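The values are calculated or read from the model by the stated rules, or taken from the named source; none is laboratory data. It should be emphasised that the depicted structure is a prediction, and the values quoted were computed from it without experimental measurement. All Cβ positions, even for glycine, are placed from backbone atoms using ideal geometry, and neighbour counts span all protein chains on display. Heavy atoms of the whole protein, side chains included, go into the accessibility calculation; ligands, DNA and RNA do not. Shrake-Rupley method; radii C 1.70, N 1.55, O 1.52, S 1.80 Å.
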Amino acid sequence: MGFDTKKIRVMIVDDSMLARRIIQNGLSRYPNIEVVGEAFNAMDARKKLPILHPDVMTLDVEMPGTNGIDFVKEILPIHPIPIILVSSLNLRVFDAMAVGAVDFVRKPDGTEGNDRFIEALANKIVVASCARVRRPPLKPTASTNRIASLPLKMGAAPTDVIIGLGASTGGTEATLEVLRRLPANIPGMVIVQHMPPGFTQMYAERLDRICQMKVKEAENGDEIVRGRVLIAPGDKQMRVVRNGTRYTVSCMPGEKVSGHCPSVDALFLSMAQNVRCHMVGIIMTGMGSDGAKGLLEMRKKGAYTIGQDKDSCVVYGMPMVANNIGAVMQQASCENIAGVLVRHLSGSHL
């Protein structure tokens, strides 16, 4: 038939035999995935990796001995393999993402069956098999810190600009790289990052600690104001709503849009429809096409649009589709997007 029938080789690393069995049995139902081996801790995995040559590794974050974070740090320079973290609702997952893991999936907590967990894990394994493994980014240099320390010279109206940003696989760290380089008085931002419920609040709190602006998980009715970033909750669609000259967000349960809830397209399409002030749209790393259609509509309504470039993406999917359909005006690396944005916002036309 001409189709590539090569299976994705997966190695499971988890100290729980029960967890390994659940993952092994669940993934065995997927004809495109082959579990080639298991390991019960970091030392066991270290020995088996060179023998098994997996394409993707699933890794428990909390293990006795060497934990998942230290293992990711240690193994990626030797074996640059895409790693998917399997984690309970735990802040440490973001520490492991920061040192190079590609994605994560939430462990079942007993309130629901294992089927949704396995489906999410299988989907992430397919994406991870195409992902570019990145070393931890360099700390911001003096020049990028200088960008963040300079207040933007803009009009006083709090709603003169609204910035929308969307990302998926690889986006937790790529978005951080953008935000940490932006000044405290950045115009109001609304962000969709594909992420399970619960984790979006922890992610917002993490960004709030690291970045200069205020970052919070969005709640229905939150106002979009300068110096604040709103992160879409992990199980709700976030849209921008106009009330006269004020803008708020609606965060409501809803059907998936472009395969996702929250969806970048849902956010961007609402901006194209409802925002009457100046807009900026930014689309970043991720598999698929979520956000491309919405970004194109934003551009048609006069928005300035930025797409992450191929070389800096973990997965060059969403930005590629957006670029291919003419939605992107300027491409830039995740390290340079903040500079492109600040130069645009500081322009004389605003």
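Brief remarks follow.
- Residue check: Leu18 meets all listed conditions (1) open to solvent by 10 Å² or more (accessible area, probe 1.4 Å); (2) of a type outside the set (Phe, Trp, Tyr); (3) out of contact with any Pro (no Cβ under 6 Å at 6 or more places or on another chain); (4) at pLDDT 95 or above but one, namely (4).
- Residues located in segment 23-32, provided they are open to solvent by 10 Å² or more (accessible area, probe 1.4 Å) and in contact (Cβ under 8 Å) with a residue 40 or more places away in the chain: Arg29, Tyr30, Asn32
- Selection status of Phe117, under 28 Å from Gly259 (Cα atoms), in a helix (DSSP H, G or I) and among the aromatic types (Phe, Trp, Tyr): yes
- Restricting attention to segment 236-251, the residues that are more than 15 Å from Gly164 (Cβ to Cβ) and either in contact with a Gly (Cβ under 9 Å, 6 or more places away or on another chain) or open to solvent by less than 50 Å² (accessible area, probe 1.4 Å) (or both) total 1.
- Residues within segment 190-210 that are open to solvent by less than 10 Å² (accessible area, probe 1.4 Å) and not in a strand (DSSP E or B), tallied: 5
- Of the residues making up segment 59-94, those that are within 18 Å of the chain's Cα centre (by Cα) and crowded, with 20+ Cβ neighbours inside 10 Å are Pro82, Ile83, Ile84, Leu85, Val86, Ser87, Val93, Phe94.
- 3 or more residues buried (at least 21 other Cβ atoms within 10 Å of the Cβ) and in contact with a helix residue (DSSP H, G or I) (Cβ under 6 Å, 6 or more places away or on another chain): qualifying helices (runs of 4 or more DSSP H) within segment 252-350: 264-274, 292-300
- Condition check for Lys6: part of a loop (DSSP other than H, G, I, E, B) and either touching a strand residue (DSSP E or B) at 6+ places or on another chain (Cβ under 8 Å) or among the charged types (D, E, K, R) (or both): yes
- Evaluation of Val190 against (1) in contact with a strand residue (DSSP E or B) (Cβ under 8 Å, 6 or more places away or on another chain); (2) of a type in the set (A, V, I, L, M, F, W, C); (3) closer than 19 Å to Phe94 by Cβ (one fails), failing number: (3)
- Any hit, segment 34-49, residues being open to solvent by less than 10 Å² (accessible area, probe 1.4 Å), in a strand (DSSP E or B) and either within 28 Å of Arg116 (Cβ to Cβ) or not polar (S, T, N, Q) (or both): yes
- Among the residues here, Val93 does not qualify as part of a helix (DSSP H, G or I) and farther than 17 Å from Met195 by Cβ.
- Filtered residues of segment 212-226 (kept if open to solvent by 10 Å² or more (accessible area, probe 1.4 Å) and without any contact (Cβ under 8 Å) to a residue 60 or more places away in the chain): Lys214, Lys216, Glu217, Glu219, Asn220, Gly221, Asp222, Glu223
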